[in-house]
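The values are calculated or read from the model by the stated rules, or taken from the named source; none is laboratory data. Computed from a prediction, not measured in an experiment: that's the story for all the values here. Heads up, the Cβs are rebuilt from the backbone with ideal geometry, glycines too, and the neighbour counts pull from every protein chain shown.
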Amino acid sequence: MLFTEKRLELFILSIVGIVLMFLIIENGIKKFIKRKRPYYSKLTSHSFPSTHATSVGYFFILSLFYITNPLIVFLILIYSIILGFSRVVLGYHYLSDVIVGFLLGLLISLGVLLIGNIVI
């Protein structure tokens, strides 16, 4: 079993957190900071923070609470690290974009878990 029944309601709340995360990043932080991407990137959108890194940070932290199979959690960790490095290597982000993005995902996921434990 991938998810325990006990945590299904918290999982649904986390889906709401994902939507809020994208709204905060794309319509808030990126438009406020307006950091340009590395000079060799052909993308025109803003760089800081990395939405990909925020997503995998969010997903990894929540997977620690939802997924009972340690192998799957480990694979999600490896995927998160590879994705973060690939954003820098491919020239889409600076390393700080990825680190802050991952930390932002961590904070949002902890907020969702906190709210979930209070409400549910």
Worksheet entry | Any chance Val100 is more than 19 Å from Ser14 (Cα to Cα) and in contact with a helix residue (DSSP H, G or I) (Cβ under 9 Å, 6 or more places away or on another chain) | yes
Worksheet item: Across the stretch 58-75, what is the number of residues that are under 17 Å from Ser14 (Cα atoms) and either under 14 Å from the mean Cα position of the chain (by Cα) or not β-branched (Val, Ile, Thr) (or both)?
Response: 9
Item to complete: Among what's in the stretch 93-120 and is part of a loop (DSSP other than H, G, I, E, B) and more than 16 Å from Val56 (Cα to Cα), pick the residue that is modelled with the highest pLDDT.
Response: Tyr94
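Residue-by-condition table, conditions (1) in a loop (DSSP other than H, G, I, E, B); (2) at pLDDT below 70:
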position: Met1; (1), (2): yes, yes
position: Ser14; (1), (2): no, no
position: Ile18; (1), (2): no, no
position: Leu23; (1), (2): no, no
position: Ile29; (1), (2): no, no
position: Pro38; (1), (2): yes, no
position: Ser41; (1), (2): yes, yes
position: Thr44; (1), (2): yes, yes
position: Phe48; (1), (2): yes, no
Worksheet entry | Residue satisfying condition, being modelled with pLDDT under 85, under 16 Å from the mean Cα position of the chain (by Cα) and either in a helix (DSSP H, G or I) or surrounded by 13 or more Cβ atoms within 10 Å (Cβ to Cβ) (or both), within set Ser86, Ser55 | Ser55
